[in-house]
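See below for the structure under consideration.
The values are calculated or read from the model by the stated rules, or taken from the named source; none is laboratory data. Values in this document were obtained by computation on a predicted structure and should not be read as measured data. Every residue, glycine among them, receives a Cβ derived from its backbone with ideal geometry; neighbour counts consider all protein chains shown. Just so you know, the surface numbers come from the protein's heavy atoms only, side chains and all, with ligands and any DNA or RNA stripped out. Shrake-Rupley method; radii C 1.70, N 1.55, O 1.52, S 1.80 Å.
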Amino acid sequence: MLSVGSFVAGVIQEGDSMKALVLAGGEGTRLRPITHTSAKQLVPVANKPILFYGLEAIASAGIEEVGIVVGETEAEIREAVGDGSAWGIRPHFIRQERPLGLAHAVLVARDFLRDDPFVMYLGDNILKEGIVDLVREFESNRPNAQILLAKVPEPQRFGVAEVDDAGRVVRLIEKPKVPPSDLALVGVYMFDSTVHEAVASIEPSWRNELEITDAIQWMIDRGLDVRSHLISGWWKDTGKLEDLLEANRFVLEALEPSIEGKVDDLSSIVGRVVIPKSAVVKNSVIRGPAIIGENTTIEDSFIGPFTSIYYNCTVRSSTIEHSVVMENVTIVSIDRIEDSLIGKEAVVSRDLNLKPAALRLMVGDHSQVKLP
């Protein structure tokens, strides 16, 4: 376990250990209809639930005690995480009855966090570089808070920071109409115990939420040490379809090829492709980077680059590119699907008597779609 000491008056002392607080509640409104029936944190990116990337990053940093804030999808998150042994962590599930903001999640997790330093990690975020070096930096510099920043083309979609030449944060603004910079807050934060007074002192925003940006601003206004780290690798908040597909593309670009499944002589596998033992490919072309899930069958089809097809799926006589297909999906006789997210147990088929057309889909769970 990573030891960074205990806190006295906001200073790290030897003895206590870093904890993590993972936010896995929220309603996922930007990914509806998928999130009407599923937790957004469990949508797969490169055939791995988004939440698992964060848990892997936390475990790699040596953090074992992990509080997971859950909401209406608590049962689904609990089942997916289990006892945490897959990552070597000890999960503690913390119920947030309503999604009332990131700072509110810190409030409801107070008993778990106590006065220990902690990493707060948004469960629908993926950070390429992980957090090992960031935790070490926090341990070494011992600020009251450390935030991660990334340069983005549309900062008005995010919390935005102004920083001085020393990297100290001067001001934070949540989703400003006129952003003061292009530096967006990444969904990973590090705090000492002083954050608890901050979240208890702020008022709800116009969204009726307790904003973590307001809590950090409270700390800045009182002269506490709030530092920033500009990340060098990519980062994605996967709350929107376009961002989720881009995250899928980024992860697949680093894919290690592995062909273990049954691929017949009529098929062609090109580039970085993963096909597990229980998958079957017949008379098809798979052009990577792409990943096929367990017990999935691809027949008479073309699977193009940047496509992830999860487990127990059937794809027959179809073309799919730059898309994420969730589990237990059937796709038959579709000329072209691209830039799409197909929810679990969906059936997408074509009426062959009607004229074919290219498709762009975001199909909810348990749907059946017949296309002209």
For this session: Examine region 158-171 for a residue that is open to solvent by 50 Å² or more (accessible area, probe 1.4 Å), over 20 Å from Asp221 (Cβ atoms) and within 24 Å of the chain's Cα centre (by Cα), and state whether such a residue exists.
Result: no
Problem set entry | Test for Tyr121: is it aromatic (Phe, Trp, Tyr), surrounded by 21 or more Cβ atoms within 10 Å (Cβ to Cβ) and over 21 Å from Asn144 (Cβ atoms) | no
For this session: Look at Ala247 and say whether it is over 18 Å from Ile173 (Cβ atoms), at pLDDT 85 or above, touching a strand residue (DSSP E or B) at 6+ places or on another chain (Cβ under 6 Å) and not polar (S, T, N, Q).
Result: yes
For this session: Could you figure out which of (1) under 26 Å from the mean Cα position of the chain (by Cα); (2) buried (at least 18 other Cβ atoms within 10 Å of the Cβ) isn't true of Glu338?
Result: (2)
Exercise. Of all residues in region 172-187, which are part of a strand (DSSP E or B), open to solvent by 20 Å² or more (accessible area, probe 1.4 Å) and of a type in the set (Val, Ile, Thr)?
Worked result: Ile173
For this session: List every residue pair whose Cβ atoms lie under 6 Å apart, where the two residues are 6 or more positions apart in sequence or sit on different chains, the first residue falls within region 133-149 and is open to solvent by less than 10 Å² (accessible area, probe 1.4 Å), and the second residue, located anywhere, is not in a strand (DSSP E or B).
Result: Val135/Ala61; Pro143/Asp225; Ala145/Ile216; Ala145/Met219; Gln146/Phe138; Leu148/Ile231
Exercise. Quick one: is Pro99 within 20 Å of the chain's Cα centre (by Cα), part of a loop (DSSP other than H, G, I, E, B) and buried (at least 18 other Cβ atoms within 10 Å of the Cβ)?
Worked result: yes
Exercise. Does Asp115 qualify as being without any contact (Cβ under 8 Å) to a residue 40 or more places away in the chain and closer than 18 Å to Ala200 by Cα?
Worked result: no
Exercise. For residues in region 220-244 being among the β-branched types (Val, Ile, Thr) and modelled with pLDDT of 90 or more, which is surrounded by the fewest Cβ atoms within 10 Å (Cβ to Cβ)?
Worked result: Ile220
Exercise. Could we say that Gly71 is open to solvent by less than 50 Å² (accessible area, probe 1.4 Å) and either farther than 27 Å from Val325 by Cα or modelled with pLDDT under 85 (or both) here?
Worked result: no
Exercise. Which numbered condition trips up Gln217, out of (1) buried (at least 19 other Cβ atoms within 10 Å of the Cβ); (2) more than 24 Å from the chain's Cα centre (by Cα); (3) at pLDDT below 85?
Worked result: (3)
Exercise. Among Ala184, Ala198, which is on the phi < 0 side of the Ramachandran plot, of a type in the set (A, V, I, L, M, F, W, C) and in contact with a strand residue (DSSP E or B) (Cβ under 6 Å, 6 or more places away or on another chain)?
Worked result: Ala184
Seminar exercise, completed: Of the residues in region 263-286, those that are under 16 Å from Arg316 (Cα atoms) and in a strand (DSSP E or B) come to Val263, Ser268, Val280, Val281, Lys282, Val285, Ile286
Exercise. Restricting to region 190-210, what's the tally of residues that are touching a residue at least 40 places away in the same chain (Cβ under 8 Å) and open to solvent by 10 Å² or more (accessible area, probe 1.4 Å)?
Worked result: 11
Seminar exercise, completed: Picked from region 196-248 (must be of a type in the set (D, E, K, R) and in a loop (DSSP other than H, G, I, E, B)), the residue nearest to Ile126 (Cα to Cα) is Lys240
Exercise. Which residues, counting only those in region 270-290, are of a type outside the set (Lys, Arg) and surrounded by fewer than 19 Cβ atoms within 10 Å (Cβ to Cβ)?
Worked result: Val270, Gly271, Pro276, Ser278, Val280, Asn283, Val285
Exercise. What number of residues in region 297-335 are over 24 Å from Ala39 (Cα atoms), open to solvent by less than 50 Å² (accessible area, probe 1.4 Å) and either modelled with pLDDT under 90 or not in a strand (DSSP E or B) (or both)?
Worked result: 6
Exercise. When you look at Arg136, is it of a type in the set (Lys, Arg), assigned to a helix (DSSP H, G or I) and out of contact with any strand residue (DSSP E or B) (no Cβ under 7 Å at 6 or more places or on another chain), yes or no?
Worked result: yes
